[in-house]
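A quick write-up on the structure given underneath.
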Amino acid sequence: MNDHYKTPKPSNSGLPQSREQKLLEMLKVADHALKHNLYVTTLNEKTYRRTVPSKEFYVHQWNWDSAAVAMGLIHLDPERAYDELRALVSGQWDNGLIAHITYNPGETRYYPQAEKWHTEQFRRGEIVTSGITQPPLLSIAVDYVYKHSPDGAAGDFLDEVLPAVMKYHDYLKRYRDPEDGGLLTIVHPWESGTDNSPRWDSSYTHINLTDVPQAVREDVDANRTDDKLGKALHRPTQEDYYRFMGLVALFAKLGWDYEKIVAQSPFAVKDILFSSLWARANEALADTLTRVGRTDEATKYHKWAQQTQEALAHTWDEEHQQYCDIDVAQGRREPIIEPTNAMFLPLLAGAVTDEQLPKVLTRLSDPEQFWPAYPVPSTALNSPKFELTRYWRGPTWPITNLLIIEGLMRYAPQSAQARQMGEELVDRTLDMIEKNGFYEYYDPTKGEARPGREDNARQFGFATFSWPAAIFIQLAKQYRKAH
Ligand code: 2M8
């Protein structure tokens, strides 16, 4: 990691540095990291400013990363926050999809490269995207950015972005909830944002590797880059990648027709994390519309939020004490029981009933499961599937912590335990980021991201990562009132 991005050392005055001062110094470092990850491109004769997750590997714009980045940036550089979201919606498809990746031209380091998606016919001029989406943090970010904007500054931004956001919600409702039950279907593990979570293991048994075309497997073997630029042992397996790219090839063959994709994909899951963000996103969109006096239009989104809250509460499994994803591929309807931190996202959605709340908090506060020194691990520590360093199968991620914090705070008025846990999680998340710098993910047991120099203890994911920097800013500003 570049020394420039290391956590600043305490002052050499000999006196302990005040907490406030440390936070302020760290905010400057976060600002530098976000500047370091800025890309400026001109497409369709328009200039776009977007922040990539990490220049070590993720050299394009990712959907929910950018939404998180915008929420941090609004506190430091409002114009950049607006630009981030403008760039994010710039490649929206005619059917309303806002893709999980908007590609930066000329960058080839990240696999799969743009052309692997075969999405040419959906391009807006020169803006090239993938063909799937990601958890809908976008409207939550738009609402947050608007609410925290300096007076009068966000008018144009909202006029530009709001129609795209409403169209995106219509896309998600129409294609991802065709049965109108409130839970949304994801069709690719990358859409979940928690790519190789144990939540998807049972679905993978239905994706026959022999059905993945030989040419696709050869392409993965020849061209995959994440396991070479990062540490292979921490990354998804080669078989996972065959499945990931096999699905992309199938969807391209179906002409990116989402009616067909949702009905035919061998991977199709009602995802509780995605659906929880969907509920919260609808509330956020309704709030934005209400704030600008468009109350009639807000009603629809309020209803969608409520419908999803009820549907999420119904996924509660009393025997296993958790909310469950549901495998709905090709006519199946099988609850997925895996102890991962996705089970706490219904807090964010406001979907947790009075009866469920103490049970959810008991599970979350258990040090043997989800509350070690640096919560919240992506998989429960006592699960046989827990892996300390493997991507989405154990490490703690700032993004899910942010969402769980917001969820706990939502229940703070009615639960002192939720408030106390929310505050503690803010502390530990800030501490974890401050003592390491901005990494993709962290060791939940020690809060480390660079455990040592030996090869088998390489850093946790990629470095100078954008969303830990942005989330640090947001948490410091929201909960520590750092100015
Ligand atoms: C990871 O996902 C990408 C695919 O989208 C990858 O591994 O190549 C996930 O952590 C995802 O949630 C995140 O948005 C992305 C960029 O940070 O990386």
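Kindly indicate whether any position in the stretch 177-193 is within 13 Å of the ligand (Cβ to nearest atom), surrounded by 20 or more Cβ atoms within 10 Å (Cβ to Cβ) and of a type in the set (Asp, Glu).
yes
Touching a helix residue (DSSP H, G or I) at 6+ places or on another chain (Cβ under 9 Å) and within 16 Å of the ligand (Cβ to nearest atom): which single residue out of ALA449, ALA373 fits that description?
ALA449
Take the stretch 250-274 and flag every residue that is under 28 Å from MET343 (Cα atoms) and within 15 Å of the ligand (Cβ to nearest atom).
PHE267, ASP271, LEU273, PHE274
Exactly one of (1) loosely packed, with under 15 Cβ neighbours inside 10 Å; (2) part of a loop (DSSP other than H, G, I, E, B) is unmet by LYS303. Its number?
All conditions are met except number (2).
Please verify whether GLY152 is more than 14 Å from the ligand (Cβ to nearest atom), on the phi > 0 side of the Ramachandran plot, surrounded by fewer than 22 Cβ atoms within 10 Å (Cβ to Cβ) and in contact (Cβ under 8 Å) with a residue 12 or more places away in the chain, treating the condition exactly as stated. Outline the logic, then answer.
On the way: more than 14 Å from the ligand (Cβ to nearest atom): yes; on the phi > 0 side of the Ramachandran plot: yes; surrounded by fewer than 22 Cβ atoms within 10 Å (Cβ to Cβ): yes; in contact (Cβ under 8 Å) with a residue 12 or more places away in the chain: no.
No, not satisfied.
I need the full set of residues from the stretch 236-261 which are of a type outside the set (Gly, Ala, Ser) and in a loop (DSSP other than H, G, I, E, B), in order please.
PRO236, THR237, LEU254, TRP256, ASP257
Just for the stretch 416-438: of the residues that are of a type in the set (Lys, Arg) and over 21 Å from the mean Cα position of the chain (by Cα), which one is modelled with the lowest pLDDT?
LYS435
Which one of these is in contact (Cβ under 8 Å) with a residue 24 or more places away in the chain, touching a His at 6+ places or on another chain (Cβ under 8 Å) and closer than 20 Å to ILE336 by Cβ: LEU277, LEU285, LEU247?
LEU247
Among the residues in the stretch 203-210, are any crowded, with 18+ Cβ neighbours inside 10 Å, of a type in the set (Val, Ile, Thr), within 13 Å of the ligand (Cβ to nearest atom) and over 23 Å from ALA470 (Cβ atoms)?
No: the stretch 203-210 contains no residue that is crowded, with 18+ Cβ neighbours inside 10 Å, of a type in the set (Val, Ile, Thr), within 13 Å of the ligand (Cβ to nearest atom) and over 23 Å from ALA470 (Cβ atoms).
Take the residues of the stretch 113-134 that are more than 16 Å from the ligand (Cβ to nearest atom) and either of a type in the set (D, E, K, R) or not in a helix (DSSP H, G or I) (or both): which is surrounded by the fewest Cβ atoms within 10 Å (Cβ to Cβ)?
Going through the stretch 113-134, the residues more than 16 Å from the ligand (Cβ to nearest atom) turn out to be 115, 118, 120-127.
Among the residues that remain, those that are also either of a type in the set (D, E, K, R) or not in a helix (DSSP H, G or I) (or both) are: 115, 118, 120, 123-127.
On the way: GLU115: 11, HIS118: 16, GLU120: 9, ARG123: 13, ARG124: 14, GLY125: 11, GLU126: 13, ILE127: 20.
Ranking the candidates gives GLU120 first.
Among what's in the stretch 389-436 and is more than 16 Å from the ligand (Cβ to nearest atom) and in a loop (DSSP other than H, G, I, E, B), pick the residue that is nearest to ILE140 (Cα to Cα).
TYR411
Looking for something aromatic (Phe, Trp, Tyr), modelled with pLDDT of 95 or more and in contact with a Pro (Cβ under 8 Å, 6 or more places away or on another chain) - is there at least one such residue anywhere in the stretch 40-63?
yes
Hey, does the stretch 378-398 have a residue that's surrounded by fewer than 19 Cβ atoms within 10 Å (Cβ to Cβ), at pLDDT 95 or above and among the hydroxyl-bearing types (Ser, Thr, Tyr)?
Within the stretch 378-398 (the criterion being surrounded by fewer than 19 Cβ atoms within 10 Å (Cβ to Cβ), at pLDDT 95 or above and among the hydroxyl-bearing types (Ser, Thr, Tyr)), the answer is yes, since at least one residue qualifies.
If a residue must be in contact (Cβ under 8 Å) with a residue 40 or more places away in the chain and over 12 Å from HIS169 (Cα atoms), how many such residues does the stretch 298-320 contain?
Of the residues in the stretch 298-320, 9 are in contact (Cβ under 8 Å) with a residue 40 or more places away in the chain and over 12 Å from HIS169 (Cα atoms).
Pairs only if they're at least six apart or on different chains, beta carbon under 8 angstrom, first in the stretch 95-120 and acidic (Asp, Glu), second surrounded by fewer than 21 Cβ atoms within 10 Å (Cβ to Cβ) and modelled with pLDDT of 95 or more; list them, first residue then second.
Close Cβ pairs (under 8 Å, with a partner that is surrounded by fewer than 21 Cβ atoms within 10 Å (Cβ to Cβ) and modelled with pLDDT of 95 or more) amount to GLU107/VAL59.
Quick test of your reading of the structure: ASN196 fulfils all but one of (1) under 20 Å from the mean Cα position of the chain (by Cα); (2) away from the ligand (no atom under 14 Å from the Cβ); (3) among the polar types (S, T, N, Q). Name the failing condition by number.
The one condition ASN196 does not meet is (2).
Applying the selection to the stretch 262-300, what residues are among the basic types (Lys, Arg), assigned to a helix (DSSP H, G or I) and under 21 Å from CYS324 (Cβ atoms)?
The answer is ARG280, and nothing else.
Could you list, in sequence order, all residues of the stretch 44-62 that are touching a strand residue (DSSP E or B) at 6+ places or on another chain (Cβ under 9 Å), more than 21 Å from PRO112 (Cα to Cα) and assigned to a strand (DSSP E or B)?
If the condition is that a residue be touching a strand residue (DSSP E or B) at 6+ places or on another chain (Cβ under 9 Å), more than 21 Å from PRO112 (Cα to Cα) and assigned to a strand (DSSP E or B), then THR47, TYR48, ARG49 are the ones that fit.
Among (1) within 28 Å of ARG393 (Cα to Cα); (2) in a loop (DSSP other than H, G, I, E, B), there is one condition LEU348 misses while meeting the rest; what is its number?
Evaluating LEU348 over (1) within 28 Å of ARG393 (Cα to Cα); (2) in a loop (DSSP other than H, G, I, E, B) leaves (2) as the failure.
Scan the stretch 37-82 residue by residue and report those that are among the charged types (D, E, K, R) and within 14 Å of the ligand (Cβ to nearest atom).
Correct list: ARG50, LYS55, GLU56, ASP65.
Is it the case, given these coordinates, that PHE386 is closer than 14 Å to MET421 by Cβ, aromatic (Phe, Trp, Tyr), more than 12 Å from the ligand (Cβ to nearest atom) and within 21 Å of the chain's Cα centre (by Cα)? Steps first, please.
Details: closer than 14 Å to MET421 by Cβ: no; aromatic (Phe, Trp, Tyr): yes; more than 12 Å from the ligand (Cβ to nearest atom): yes; within 21 Å of the chain's Cα centre (by Cα): yes.
No; evaluated as a whole, the condition is false for this residue.
Report every pair of residues separated by at least 6 positions or lying on different chains whose Cβ atoms are under 8 Å apart, first residue within the stretch 186-201 and under 18 Å from LEU172 (Cβ atoms), second in a loop (DSSP other than H, G, I, E, B) and of a type in the set (Lys, Arg).
So the pair list comes out empty.
The values are calculated or read from the model by the stated rules, or taken from the named source; none is laboratory data. Treat the numbers as computed from the prediction; the structure is a model and nothing was measured. Cβ atoms come from the backbone with ideal geometry, glycine included; neighbour counts cover every protein chain shown.
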